[in-house]
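Worksheet: the structure to be examined is printed underneath.
The values are calculated or read from the model by the stated rules, or taken from the named source; none is laboratory data. Keep in mind that what you see is a predicted model, and the values were worked out from it rather than measured. A quick note on method: Cβ atoms are made from the backbone with ideal geometry, for glycine too, and the neighbour counts reach across all protein chains shown. In case anyone asks, the SASA skips ligands and DNA or RNA and just uses the protein heavy atoms, side chains included. Shrake-Rupley method; radii C 1.70, N 1.55, O 1.52, S 1.80 Å.
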Amino acid sequence: MASVYSVSQVTAYIKNMFTQDFALNRISIKGEVSNCKYHTSGHIYFTLKDGGAQIAAVMFSSQRKGLDFELAEGQQVVATGTVDVYERDGRYQLYARRIERDGTGDLYARFEKLKRELAEMGMFDSCYKQPIPRYALRVGVVTAPTGAAIRDIMNISARRNPYVQLVLCPALVQGEQAPASIVRGIRRLDSMGLDVLIVGRGGGSIEDLWAFNEECVARAIFDCQTPVISAVGHETDVTIADYAADLRVPTPSAAAELAVFDYRQFEEQIGHARQRLNRLMGQALERRRFRLEQGRMKLRLYSPQRQVDERRQRLADLESRLGEIAGERTAACRQRVKDCRSFLERQMERSLREGKHRLALDAGRLDALSPLKKLGGGYGYVTDEADRRIVSVAQIDVGIRIRVRLRDGCLKARVEEAKGGDSFAQKEDGRGEGDPHSTGGEPRH
């Protein structure tokens, strides 16, 4: 069985081969700079590439004396150093000791050419820049829906002002289809009447950011009626979109900071404004009180108050005199009312006595004429069945029913015979003598 080696042994062997190779120990490589990053430690990490391949490179801070210019994306350079293996990652890279310019890269040349053309057309002129609204409530975002840019914008927006509405239009931000996707997103959000738009993405190489260097994207931003904030890449990244936008910020996080106003700070500003307004109102009131007091002093100086005081004194005297007269007249009126009441009471008592006397006389006369009293003397009151009074024999037919009301009740009877004159009365009287129910010979009618 063949020998088996560990990964470390194989990587160390390959590194040893690179170390022993004379050509790789001192080599100069020409290429275009990409993915350039300045680390806080002072090291510079970048990639050299051409049309067919690329190689990772690093220049340590101790070798920075071999670089006499600012290394940036798209530059065409010649890097001299050693190609060696980085054992931890198992990859080779160029350890640069000196870097020299070697013209401008193709992408950078295209960038500069388009930038000059658009600048000559006036698309970057400040007169076309729209102001970013200070208190935006609806913010549109054109970026990738899953990238770090949208997460940063959402987090910062929620922290600064949870009441601001974010409207995301997902777009491709890298690749051949990215420019058209970004243009569609800008135009769609522009038609929604939002307050401000954020167009951008996270950092990357010049190739990754190239979609924002296309002319169609710059024209879409320039034609947008809504103010546009460009937030492409990191602070060192600059694109054509940054020049065409109304405002350029270094990162998407900075765009969210500028587009979304701080609600707590807004409340504090409102509180300060309220305090200032109250203070100004107090000062204005104080000035008007002072002017009022000056007017009062002038009024007292010209002595119109004396005339008012004299009239007040005269009015007080008149009121006092009026009170005395009113008291005297009131006492006289009360006495007259008292006398009239006594006279009226006497007249009413006399009238009452006279009325009682007349009432007693009338009651006696009425009692004498009362039919009830006559009924009590043995008389009766005769009516037919319809309660019509019968006062003559001519009103009666034989056989009809009649009613006879006496003092203590009522009788119903039938008429068997009706005769006029005294014969009927005598007959009745004769029959009355032998009637055991007779009342002593007194006739009943």
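Some observations on this one:
- Net dipole in debye of the chain [+1 Lys, Arg Cβ; -1 Asp, Glu Cβ; about Cα centre; nearest 20]: 3080 debye
- In plain terms, if you count all Cα to Cα distances in the chain and split them into 10 Å steps from zero, the share in each step is 4, 11, 12, 9, 7, 5, 4, 3, 4, 4, 5, 6, 7, 5, 5, 4, 3, 1, 0 percent.
- Computing Rg and the Kirkwood Rh from the Cα coordinates of region 1-122 gives a ratio, Rg/Rh, of 1.11.
- Spin-label model distance (nm) - PHE343 vs ASN155, 7 Å beyond Cα toward Cβ: 10.9 nm
- Modelled FRET efficiency - R0 60 Å, ARG91 with HIS272, Cβ distances, 0.05 increments: 0.55
- Considering only ALA109, ALA316, ALA220, the Gaussian network model of the chain with Cα springs below 10 Å gives its largest mean-square fluctuation to ALA316.
- Charge dipole (the chain, unit charges on Cβ, about Cα centre) - positive-most of GLY355, GLY42, LEU137: GLY355
- 1.4 Å probe accessible area per residue over region 66-179, in Å²: 57 Å²
- Counting only protein heavy atoms and a probe of 1.4 Å, the accessible surface of the chain is 53% carbon and sulfur.
- Straight-line cross-link reach from LYS113 at under 13 Å between alpha-carbon atoms covers these aspartates and glutamates, not counting any fewer than eight positions away in the same chain: GLU214, GLU215.
- A 1.4 Å probe run over the protein chains yields, for region 247-317, 84 Å² of accessible area per residue, whole-number rounding.
- Spin-label model, GLN130/SER61: points 7 Å from Cα along the beta carbon direction are separated by 4.5 nm.
- Pairwise FRET efficiency - SER351 versus ALA394, Cβ, R0 = 35 Å, nearest 0.05: 0.10
- Segment GLU120..LEU322, full-extension length gain: 62.8 nm, with 0.36 nm per residue of separation and the alpha-carbon distance subtracted.
- Region 202-211 - phi-based ³J(HN,Hα) in whole Hz, Karplus 6.51/-1.76/1.60, Gly and Pro as x: x, x, x, 6, 4, 5, 5, 8, 5, 4
- Three-way shape label, region 141-248, alpha-carbon gyration tensor, a/c 1.5: oblate
- In the chain, taking the dipole from charged Cβ atoms about the Cα centre, the farthest positive-side position among ALA218, GLN283, MET154 is held by GLN283.
- Each of LEU366, GLY74, ALA171 was placed along the dipole of the chain (beta-carbon charges, centred on the mean Cα), and the one lying farthest toward the positive end is LEU366.
- Legend: calculated FRET efficiency, ARG188 to ARG296, from the Cβ-Cβ distance at R0 = 56 Å, rounded to 0.05, equals 0.20.
- Derived scalar couplings between HN and Hα for region 80-85 equal 10, x, 10, 9, 9, 9 Hz in order, rounded to whole Hz, by the Karplus curve 6.51 cos²θ - 1.76 cosθ + 1.60 (θ = phi - 60°), x for Gly and Pro.
- Site pair ALA360 and GLU215 shows an inter-label distance of 13.8 nm when each label is modelled 7 Å from Cα along Cα→Cβ.
- Restricting attention to the chain, close to 65% of DSSP beta bridges with both partner residues there are antiparallel.
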